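Asks: Sharing a structure below in structure tokens format, with a few things to ask.
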Amino acid sequence: MRAVATRRHLRYYIMAARRAREALLARKRHRWVLAGVVLTAVALALAILPAWATLQREHAAQGPRLQLPLAVPSLTKDQTDALAQEPVWQRATVQPGQSLADLFKQQGLNAADLQRALDADNGQSGLARIRPGQHFEFLRGAHDELLAMRYDRDETQRVTLQFYGNRATENVRPRKLERWTRVAHGVINDSLFDAGSRAGMSNAMVLELAKVFGYDIDFAQDLRAGDSFSVIYDNVYRDGEYLRPGNIIAAEFVNRGRRYTAFRYTQPDGNVTYYSEDGRPMRKSFLRTPVDFTRISSRFSVARLHPVLGRMRAHKGVDYAAPMGTPIYAAGDGVVQFKGWENGYGNFVLIRHNRDISTAYGHMSRFASSLRKGERVRQGQVIGYVGMTGLATGPHLHYEFRVDGTQRDPLTVTLPKPDPLPRMQLAAFHRSIAPMLAQIEQAHGRGTRLASTR
């Protein structure tokens, strides 16, 4: 029976023997690892201790350290008092509809303080006509009396009024403006604003770029994915802080494979305008789009289903959908021939530019306050604001381009090219734009935004 049980359970005995052998080997490996760690620690100690002992002997050989007193100049009583009584200016920002009297009342100042400030300014800073967003700072005394007041007269002058009794004295400090030049390059994937933002440009500078090329490119319909631009522009800084966007100095725009260039150039008579690389003015006789670029909601067509009337009807203009109140610009120089209500058009303006050409603008929410029938307007002048008066289902501008009283498609009508600069000026122009042209080509080749320079 024992022999039978042994044969039956033999595999269990074999497994038990194998586990015992593996446990023995594991204990041996553990001992070897511990021995290696101990030997390593001993070797490190033998290497470090002699060096440490040598270092201690060197420090001991140097002898005791010598400490010498250092005389520090003491502050004068005036300096101590100035530090203890650092003036604290209270800042106030002008809100819309607020006058200087309202601001003084808000600060707890009386009419006498206001009159002293107006007398000291003597109308030079326009304190009677302050603007929203303007900052004023006030310094109070121990009894809450007004000691001083300071504000910006303009971008380059800082005014401080100091009050003594019944009078105030004025101190004007000049502030230097700096223009820091930047070079940016962008490729359009989604929108011009998105590409400009990725290139480090502000929305204001992107709008300026669109205005520069607005005579040649219709930014509401002509942009395509893959279009690119390179821009040299500057920002205005004061006392090392960003103040506002500056000007576009030079730019290149590649639209649907066609290259456009623009360079800011000052003529001998002081007139500043933009010219293409061949010396022709960027400013054409007419704007392609008389509203800041948005989207076209309806094109020129001889047969279109009218969204209000519900029947087929010719649409002899272009509709630009835009937010309510968006400014509308005169497409060219001309005379206001009509301003008022026109059936279907709502608030309507008609401008005659010459004997043959006129432009029409419909569905305005309101007219520009200065616009008068019979007066002359300049290209780019605001004549009204986008609305939905008349037969309209949403806010948009209905724009027509008329030749001899007949409507033509504003998007395809041929506009005359302006004359280039005179020969003598053209040579000077080409010399002046050569460095900017090289920078633009470099930016376009790199496809990245370059470093800023002052």
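Nothing in this text is a laboratory measurement; each read-out follows from the coordinates by a stated rule. Source: prediction; values computed, not measured. As a convention, Cβ positions derive from the backbone with ideal geometry for all residues, glycine included, and neighbour counts pool all protein chains shown.
Asks: Is the shape of the range 295-408 best called rounded, prolate or oblate, per the rule: a/c under 1.5 gives rounded, else a/b larger than b/c gives prolate, else oblate, with a ≥ b ≥ c the square roots of the Cα gyration tensor eigenvalues?
Replies: Since a/c reaches 1.5 but b/c is at least a/b, the shape of the range 295-408 is classed as oblate.
Asks: Can you compute 3J(HN,Hα) from phi for each residue in the range 423-436, using the Karplus curve 6.51 cos²θ - 1.76 cosθ + 1.60 with θ = phi - 60°, rounded to whole Hz and x for Gly and Pro?
Replies: Values per residue, Gly and Pro as x: 4, 5, 5, 5, 5, 5, 5, 5, 5, 6, 8, 4, x, 5 Hz.
Asks: Need one number: nm distance between label points at Leu34 and Asp102, each 7 Å from Cα along Cα→Cβ, rounded to one decimal.
Replies: Inter-label distance under the simple model: 8.7 nm.
Asks: Also: With 10 angstrom as the radius, rank His398, His30 by how many other C-beta atoms surround their C-beta, starting from the fewest.
Replies: Ordered by Cβ neighbours within 10 Å, fewest first: His30, His398.
Asks: Determine the shape class of the range 173-293: with a ≥ b ≥ c the square roots of the Cα gyration tensor eigenvalues, call it rounded for a/c under 1.5, and otherwise prolate if a/b is greater than b/c, oblate otherwise.
Replies: Cα axes put the range 173-293 in the oblate bin.
Asks: Show which lysines lie in cross-link reach of Lys316 when reach means a straight Cα distance below 29 angstrom and same-chain residues fewer than eight apart are skipped.
Replies: Of all the lysines, those that pass the test against Lys316 - Cα under 29 Å, at least 8 places apart if same chain - are Lys211, Lys284, Lys339, Lys373, Lys417.
Asks: How would Leu243, Leu411 line up from fewest to most surrounding beta-carbon atoms within 10 angstrom?
Replies: Leu243, Leu411
Asks: Mind giving me the FRET efficiency for Val236 and Arg258? R0 is 30 Å, r the Cβ-Cβ distance, nearest 0.05 is fine.
Replies: Given R0 = 30 Å and the Cβ-Cβ separation, E is 0.40.
Asks: Got a sec? How would Leu426, Leu139, Leu44 order by Cβ neighbour count within 10 Å, fewest to most?
Replies: Lowest to highest Cβ neighbour count: Leu44, Leu426, Leu139.
Asks: Based on the alpha carbons, how large is the Rg to Rh ratio for the range 139-216 when Rh follows Kirkwood?
Replies: That ratio is 1.34, to two decimals.
Asks: Report, to one decimal in Å, the Kirkwood hydrodynamic radius for the range 100-160 based on all distinct Cα pairs.
Replies: The Cα-based Kirkwood calculation yields 12.1 Å.
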